[in-house]
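The values are calculated or read from the model by the stated rules, or taken from the named source; none is laboratory data. Here the structure is a predicted model, which is why all the values come from computation and not from measurement. Note that each Cβ is placed from the backbone with ideal geometry, even for glycine, and that neighbours are counted across all protein chains shown.
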Amino acid sequence: MNDAAPAPTPAPAPRKRARVRAPELIGKGGWINTGGKDLKLADFRGRTLILDFWTFCCINCLHVLDELRELEEKHRDTVVIIGVHSPKFVHEAEHAAVVDAVERYEVHHPVLDDPELATWKQYAVRAWPTLVVIDPEGYIVAQHAGEGHAHAIARLVEELEAEHEAKGTLRRGDGPYVAPEPVATDLRFPGKALLLPSGNLLVSDTTRHQLVELAPDGESVVRRIGSGERGFGPDAFSEPQGLALLPDGSVVVADTVNHALRRFDPATGGVETVAGTGRQWWQGSPTSGPALEVDLSSPWDVAWWQGKVWIAMAGVHQLWTWDPQTGTVAVSAGTTNEGLHDGPALEAWLAQPSGLAAAGDRLWIADSENSALRYVESADEGAGGYAVRTAVGTGLFDFGHRDGDAAQALLQHPLGVTALPDGSVAVCDTYNHALRRFDPATGQVSTLATDLREPSDALLVGEDIVVVESARHRLTRLRLPEEAVRVDAVAHRTQRAATEVAPGTLRLDVVFQAPAGQKLDTRYGPSTRLLVSSTPPELLVGGDGTGTDLFRELALNPEVTEGVLHVSAMAASCDDDPANEYPACHVHQQDWGVPVTVTADGATRLPLVLAGMDA
């Protein structure tokens, strides 16, 4: 930590609208959802344009897609949203995978596939997700990184609409979105699967917002549960994922985009909500209490372990538990900081956990953004009685397909884990299109099967393993091989241009300007938070840790020439209306991983835009 006295918080800059001409939209992958037409910025003149820089592995990006749905519908004749897909993983640079993701997440606007990050660089974007607002005359007027900005952007859109209607520069009409042709399949991007006591298979048919019960052959449809329309009610789900069988024979469903747990009774077909409010959890919200009164955040998988339902809370990089006996939920592992850090469960860092499997005294975790296989076990260290350990994986930026000793092995964004009878673990290595195996007895990683298409879950059925091939819209039955498949090793590191910084002191500024009509509300203490760490930890010799100012003096280690700065920022702004005793408040938050190279002529200031514009 930096023990120097903090400088006074700078006064907010006066609000002004910058006149910066928007760069052209370019991407070698071409356009999706346009009926084959290539688009240019000039095609949007007269409309407010919102660029959404996203990548489909990123849970925060998926949250923003949901945040924008209402705005997109309300202002359909004056606003055009363009997704700029900017990949992190190698698999995400495949055009077919982007096309699949656009359908999977019901993206109803044009998407520019930018596999080489050309437009990302033109707009100086540093984080997923980032939203850029362009006015009807083609000028950038706002930039927002992270989640929670929909309210501010909606207000800005209304201001731009009124301003340009008065100027005569607003053009109303239909947008350029062209829906793809529907494809008839029994399943559409299924997520997880479960073997029912009857011998039938239950599958979360994610994109169709249903559960589907299949006969033991894994193909014949017995029944569908849910209307098939996105919703939150006794006959509706919203992108359901994980499934877990309870001792009483009912099934807990991770109803991911509804931020809730539902319970399905196979005997009656009934569905009820058992945890969550339907609202997304934000920093400062309760993290324990009556299950139906506490917000959740994108629960992706569930598992019954040690008398409770454990929840892979992908949206906040944590594991929570739901206790059916007491009807309560609580955080059980993770701090909400994104990364790979082992130790006492409540101090560990996770990164978008998306798969769980109970196996005796261990709960295995597919820690997706870390491309890691991890587990929870009982431990005396720390509060809570559990610890998080890593079996395979090194962190957010290293991934690939490499077998061998676990310390050197690599995965790529796994989404599922399955405990095998011999004590080993099968891993759905999703972005490698493979089924992998880790053997704790030998510490070795091997490949069981390849040429699967985005496998997201697997389950044992007799002597076979049934794999959910999500992007092939089917279940695939495999015989567990006695010998592992051999593959050529491939290693990757996330490719983003490193920021050159000067040795010594680096000034970190998180730029945040409260949206129009709002202000930082400090009546009950600081409304901002900044957390800084680094990989390797030795990169920083001062300035790491948590504070309440959105700026920090960082001291760089002269003996470390490159690394990654991890920055997490949060700001809460409230409506600025003195007459309103209970103003509505809005949380803005974002995590950055900024690769840096230390050079003599590098920058001495690192600005990161949370909301607003930086000169």
For this session: Given the conditions (1) crowded, with 21+ Cβ neighbours inside 10 Å; (2) aromatic (Phe, Trp, Tyr); (3) farther than 15 Å from Ala127 by Cβ, report the number of the one that Phe551 does not fulfil.
Result: (1)
For this session: Taking the residues in segment 209-256 that are within 20 Å of the chain's Cα centre (by Cα) and under 16 Å from Ser470 (Cβ atoms) as candidates, determine which candidate is surrounded by the fewest Cβ atoms within 10 Å (Cβ to Cβ).
Result: His209
Problem set entry | In segment 490-511, the residues that are part of a loop (DSSP other than H, G, I, E, B) and surrounded by 13 or more Cβ atoms within 10 Å (Cβ to Cβ) | Thr494, Gln495, Arg496, Ala498, Ala502, Pro503
For this session: Scan the strands (runs of 3 or more DSSP E) fully inside segment 276-393 and keep the ones with 1 or more residues being of a type in the set (S, T, N, Q) and outside the structural domain of Leu246 (by TED's automatic domain parsing).
Result: 318-323, 328-333, 353-359, 372-378, 386-392
Seminar exercise, completed: The strands (runs of 3 or more DSSP E) lying wholly within segment 542-604 that contain at least 3 residues that are modelled with pLDDT of 85 or more and more than 28 Å from Arg279 (Cα to Cα) are 551-556, 562-575, 585-598
Exercise. Looking at Val183, Val157, Val203, Val133, which one is surrounded by fewer than 21 Cβ atoms within 10 Å (Cβ to Cβ), hydrophobic (A, V, I, L, M, F, W, C) and at pLDDT 95 or above?
Worked result: Val157
For this session: Mind listing whichever residues of segment 123-135 are aliphatic (A, V, I, L, M) and either more than 23 Å from the chain's Cα centre (by Cα) or assigned to a helix (DSSP H, G or I) (or both)?
Result: Ile134
Seminar exercise, completed: Of the residues in segment 33-55, those that are among the hydrophobic types (A, V, I, L, M, F, W, C) and closer than 15 Å to Leu68 by Cβ number 5
Seminar exercise, completed: Picked from segment 365-382 (must be over 14 Å from Gln412 (Cβ atoms) and surrounded by 24 or more Cβ atoms within 10 Å (Cβ to Cβ)), the residue farthest from the chain's Cα centre (by Cα) is Val376
Exercise. Which of the residues spanning segment 516-537 are surrounded by 15 or more Cβ atoms within 10 Å (Cβ to Cβ) and modelled with pLDDT of 80 or more?
Worked result: Gln518, Lys519, Ser527, Thr528, Arg529, Leu530, Leu531, Val532, Ser533, Ser534, Thr535
Exercise. Does Pro87 satisfy the condition of being touching a Lys or Arg at 6+ places or on another chain (Cβ under 9 Å) and outside any helix (DSSP H, G or I)?
Worked result: no
Exercise. Out of curiosity, is Trp349 touching a residue at least 24 places away in the same chain (Cβ under 8 Å), among the aromatic types (Phe, Trp, Tyr) and within 22 Å of Ala458 (Cβ to Cβ)?
Worked result: no
For this session: Determine if segment 37-56 includes at least one residue that is buried (at least 23 other Cβ atoms within 10 Å of the Cβ) and either farther than 22 Å from Ala150 by Cα or among the small types (Gly, Ala, Ser) (or both).
Result: no
Exercise. For segment 136-154, which residues satisfy the criterion of being part of a strand (DSSP E or B) and either crowded, with 20+ Cβ neighbours inside 10 Å or in contact with an Asp or Glu (Cβ under 7 Å, 6 or more places away or on another chain) (or both)?
Worked result: Ile140, Val141, Ala142, Gln143, His144, Ala145, Glu147
For this session: Check segment 577-595 and report whether any residue there is touching a Phe, Trp or Tyr at 6+ places or on another chain (Cβ under 6 Å) and under 28 Å from Leu350 (Cα atoms).
Result: yes
